[in-house]
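The values are calculated or read from the model by the stated rules, or taken from the named source; none is laboratory data. Note that the structure is a prediction, hence the values are computed from the model and not measured. In this analysis, Cβ positions are derived from the backbone assuming ideal geometry, glycine residues included, and neighbour counts consider all displayed protein chains.
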Amino acid sequence: GEVSTDRVTKMINVPDTYPQGVIIMSDINRILVTSSSSRDFSDRHDFFTVVELDTGKVINTHKVSSSSSSSPATPSGVFRTPNHLPPSAYISNMFGDDLWFATWDPKKLDFNVSRILNFRSFSHRTPLNLYFGIDTKKLYITTANPGGFHILDISSNPKKPTLKKSLRTAEGANNAAFTNDGRYSFVQNSLMNLPKMSDGSITVIDLKSEKVIGSITTLKKLGLNPTSIILLPKWNYSAQH
């Protein structure tokens, strides 16, 4: 699309998928698109699609599941690793409860994919969104069940992140906003009104001390569940989103 005019310039057909997460990797002429699930979760997928950027042609798909058959892993987000060569990306599996890593192989012009983190190993499930610190040395991940904000060190090897700390937020930890000085994060705790994942509060985290310092319950007290959160431009850091 053309941003300045909101004009659609091309439609890319990705058949038999439920597109959710998308990243454009223009330096290698590729688009990655996760195939998640139907709206009611009755049909869940376990792969992402690789599309040729300049032609819109579907090249292939990659499973992000250890199962030999189709599984309900439900990959949701795909996020490019900043300042890393060869080009690579993280893929979070909403119901697979794990994190995968895709690395570009310039010789075969395709990705090598592997599982790198199992959230169940530290009693968390439903990973959703990924964010990167200002110095791109830290990876932040939200998990909706029971509600967590996880801080990982990726400075030495992005493919082998080291879990520094897991902070309890509230049920449904989903989107997060970050201040542009890198000091605070605000985590929105609600996921589609799903049971045990719809607290409705906003958790305030001090990223310097790596501690939860507060909870905003204004919307929760009104019986409302926020679905997203972003700071106004004056204060907002995109965290590579």
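Annotations for the structure displayed:
- Filtered residues of the stretch 1-10 (kept if in contact with a Gly (Cβ under 9 Å, 6 or more places away or on another chain) and either free of Cβ contacts under 8 Å to residues at least 24 places away in the same chain or not assigned by TED's automatic domain parsing to the domain that holds His84 (or both)): Arg7, Val8, Thr9
- Some residue of the stretch 150-161 being under 17 Å from Gly21 (Cβ atoms), in contact with a Leu (Cβ under 9 Å, 6 or more places away or on another chain) and modelled with pLDDT of 95 or more: no
- Any hit, the stretch 119-140, residues being under 26 Å from Ile12 (Cα atoms), of a type in the set (Gly, Ala, Ser) and in contact with a strand residue (DSSP E or B) (Cβ under 8 Å, 6 or more places away or on another chain): no
- Screening Phe111, Phe79 for residues that are of a type in the set (Phe, Trp, Tyr), surrounded by 20 or more Cβ atoms within 10 Å (Cβ to Cβ), more than 17 Å from Asp153 (Cβ to Cβ) and in contact (Cβ under 8 Å) with a residue 40 or more places away in the chain leaves exactly one candidate, Phe111.
- Residues that are free of Cβ contacts under 8 Å to residues at least 60 places away in the same chain and under 14 Å from the mean Cα position of the chain (by Cα) within the stretch 139-148 comprise Leu139, Ile141, Thr142, Thr143, Ala144, Gly148, listed in sequence order.
- Residues that are modelled with pLDDT of 95 or more and aliphatic (A, V, I, L, M) within the stretch 192-205 comprise Met197, Ile202, Val204, Ile205, listed in sequence order.
- Residues that are farther than 22 Å from Ile202 by Cα and either in contact with a His (Cβ under 6 Å, 6 or more places away or on another chain) or not assigned by TED's automatic domain parsing to the domain that holds Arg183 (or both), drawn from the stretch 123-164: Pro158
Here's the yes/no breakdown for (1) within 27 Å of Asn175 (Cβ to Cβ); (2) free of Cβ contacts under 8 Å to residues at least 40 places away in the same chain:
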{"site": "Tyr18", "(1), (2)": "yes, yes"}
{"site": "Ser26", "(1), (2)": "yes, yes"}
{"site": "Ser35", "(1), (2)": "yes, no"}
{"site": "His45", "(1), (2)": "yes, yes"}
{"site": "Gly56", "(1), (2)": "no, no"}
{"site": "His84", "(1), (2)": "yes, no"}
{"site": "Ala89", "(1), (2)": "yes, no"}
{"site": "Gly96", "(1), (2)": "yes, no"}
{"site": "Lys107", "(1), (2)": "no, yes"}
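- Cβ-Cβ under 7 Å pairs, at least 6 apart or on other chains, the stretch 120-132 side closer than 20 Å to Lys196 by Cβ, far side assigned to a helix (DSSP H, G or I): Arg125/Phe119; Pro127/Phe119
- Filter result (over 15 Å from Val58 (Cα atoms), part of a strand (DSSP E or B) and modelled with pLDDT of 90 or more) within the stretch 1-40: Arg7, Gln20, Gly21, Ser36, Ser37
- All positions within the stretch 132-151 that are of a type in the set (Val, Ile, Thr) and assigned to a strand (DSSP E or B): Ile141, Thr142, Thr143, Ile151
Condition check ((1) surrounded by 10 or more Cβ atoms within 10 Å (Cβ to Cβ); (2) hydrophobic (A, V, I, L, M, F, W, C)) across all residues:
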| site | (1), (2) |
| --- | --- |
| Glu2 | no, no |
| Val14 | yes, yes |
| Asp27 | yes, no |
| Leu32 | yes, yes |
| Asp40 | no, no |
| Asp43 | yes, no |
| Lys63 | yes, no |
| Ser67 | yes, no |
| Ala73 | yes, yes |
